[in-house]
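The values are calculated or read from the model by the stated rules, or taken from the named source; none is laboratory data. Just so you know, these numbers come straight off a predicted model, no measurement behind them. Counting neighbours? That spans all protein chains shown, and the Cβs are built from the backbone with ideal geometry, glycine included.
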Amino acid sequence: MNASKQEAPERQEIEELLPWHAAGTLSRRDAQRVEDALARDPELARRYALVRDEFAETIHLNETLGAPSARALDKLFTKIDAEPARRHSVSLGLGSRISEFFAGLSPRTLAWSASAAVFAILLQAGLIAGVMLKETKTAGYETASAPTTDPGVGAFTLIRFAPQASSDDITKFLEANKLSIAAGPMAGGLYKVRVAVTGIPKGELARIVKKLQEDKVVGFIATTE
Amino acid sequence: MQTTSDEVLISRIAGGDRLAMQVLYARHHVRVYRFVLRLVRNEATAEDLISDVFLDVWRQAGKFEGRSAASTWMLSIARFKALSALRRRPEKELDDETAEQIEDHADDPETALAKKDKGSALRQCLAKLSADHREIIDLVYYHEKSVEEVAEIVGIPEATVKTRMFYARKKLSELLKEQGIDRGWP
């Protein structure tokens, strides 16, 4: 008896959520609560069937209401034409402005922007690493395995990334092939990419270039000094 | 295929883009019209109001901050317009319409036959609900609005949204019972 009295408010609370559960507009947490209650309470499940009937018939009723005639649209644009001319500088929300900005970019522009962003990130990472190494030196500690980062040392290729490649694709490509951008973007959107930290035979470099050429991220690739 | 979001369309409308206005209108005008029609119960009035609603969208697009869905924002505007129109309507006209509705659902042979069809009876009873009850049922079931969104559109607390919906459904059961259909609830 006491138990059923304690359950009543909870059932009432769940029952009030049934219409939104039928419409699929509950949060995941509430939807799970309702699902659990429906599984253990047959009476609640029966009432949920009534809700689903109401849901279906409300849609049916609304769908039979028809639509406005084309006059409504004509009338709207007549009224809009009568409005004073609008200046473009309106106070849009930041989110809308960002969405609008990206929506206005072509896939090619986006791809170039992504490439530039990758380069900026790598440059920043390089600067941070440089600062850290410098700090380490001033502290009087140097590891025996510290890499030589002479920009002129190593084996290089020139790469132009495919326009449809995203920044994620490019980052993954660089990581997977243990590559790093040494310079760029240069004329024609080319990047100088280091494929090895030491010089390697020409034949070996050609083989690496051929392999990298097969990746969809690469639009153009050639060896360079 | 990716479609332009309502938010992007509204930001373009704010910049005076008529094509964006046409796209937004095409996307939402039927649902907004039906919402208004269920409130004002007059097709000509509803059609006039639709132009006014979208004209407000055109005028206020720059103020839309995207905190709620565009459809929620538009339904709020539509509701305000519909209620203002109802307030302007002469008492007599309202009385006549109410009378018409009651007559519409009288027990003529067609209605008697419809009673045998539970779905049809349910739709008749949905049409007989009060404006407040019709509105909340439509928003939840047809316009698929969450508790929070209904609260925003109607301007009532979320707890009231839930109880109003509960009482709307309860009233629906009572109307069905009057037509001889006992749902065994409440």
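Are any of the residues in region B:161-170 surrounded by fewer than 18 Cβ atoms within 10 Å (Cβ to Cβ), more than 9 Å from chain A (Cβ to nearest Cβ) and touching a helix residue (DSSP H, G or I) at 6+ places or on another chain (Cβ under 6 Å)?
Checked region B:161-170: no residue is surrounded by fewer than 18 Cβ atoms within 10 Å (Cβ to Cβ), more than 9 Å from chain A (Cβ to nearest Cβ) and touching a helix residue (DSSP H, G or I) at 6+ places or on another chain (Cβ under 6 Å).
Take residues that are at the interface with chain B (Cβ under 7 Å from one of its Cβ atoms), within 22 Å of B:V150 (Cβ to Cβ) and not aromatic (F, W, Y) and tell me which of the helices (runs of 4 or more DSSP H) falling wholly in region A:14-87 contain 3 or more.
Ranges flagged: A:42-63.
It is to be established whether one or more residues within region B:139-158 are within 14 Å of chain A (Cβ to nearest Cβ), at pLDDT 95 or above and farther than 23 Å from B:V36 by Cβ.
yes
Look at B:T72 and say whether it is among the β-branched types (V, I, T), at the interface with another protein chain (Cβ under 8 Å from one of its Cβ atoms) and either surrounded by fewer than 16 Cβ atoms within 10 Å (Cβ to Cβ) or touching a helix residue (DSSP H, G or I) at 6+ places or on another chain (Cβ under 9 Å) (or both).
Answer is no for this residue.
Residue-wise test of (1) more than 7 Å from chain A (Cβ to nearest Cβ); (2) within 25 Å of the chain's Cα centre (by Cα); (3) of a type outside the set (F, W, Y).
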| position | (1), (2), (3) |
| --- | --- |
| B:L9 | yes, yes, yes |
| B:I13 | yes, yes, yes |
| B:L19 | yes, no, yes |
| B:A26 | yes, yes, yes |
| B:H29 | no, yes, yes |
| B:R34 | no, yes, yes |
| B:L37 | no, yes, yes |
| B:N42 | yes, yes, yes |
| B:T45 | yes, yes, yes |
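Could you list all residues from region B:61-90 that are within 14 Å of B:L9 (Cβ to Cβ) and without any contact (Cβ under 8 Å) to a residue 24 or more places away in the chain?
Within region B:61-90, B:W73 is the sole residue that qualifies.
So, A:G199, is that one small (G, A, S) and either part of a strand (DSSP E or B) or under 18 Å from A:L123 (Cα atoms) (or both) or not?
For A:G199, the condition - small (G, A, S) and either part of a strand (DSSP E or B) or under 18 Å from A:L123 (Cα atoms) (or both) - is not met.
Where residues in region B:10-48 are charged (D, E, K, R) and surrounded by 21 or more Cβ atoms within 10 Å (Cβ to Cβ), which of them is nearest to A:I80 (Cα to Cα)?
Only one residue fits best here, namely B:R12.
Would it be correct to say that A:A56 is closer than 21 Å to B:A168 by Cβ, surrounded by 14 or more Cβ atoms within 10 Å (Cβ to Cβ), modelled with pLDDT of 95 or more and under 31 Å from the mean Cα position of the chain (by Cα)?
no
Within region B:162-173, identify whether any single residue is on the phi < 0 side of the Ramachandran plot and in contact with a Phe, Trp or Tyr (Cβ under 8 Å, 6 or more places away or on another chain), and answer yes or no.
yes
Among the residues of region A:133-181, count how many are under 21 Å from A:T224 (Cα atoms) and at pLDDT below 65.
Looking only at that region, the number is 4.
Looking at (1) closer than 22 Å to B:A70 by Cα; (2) modelled with pLDDT of 95 or more; (3) more than 8 Å from every other protein chain (Cβ to nearest Cβ), which is the only condition A:F101 fails?
It is condition (2) that A:F101 fails.
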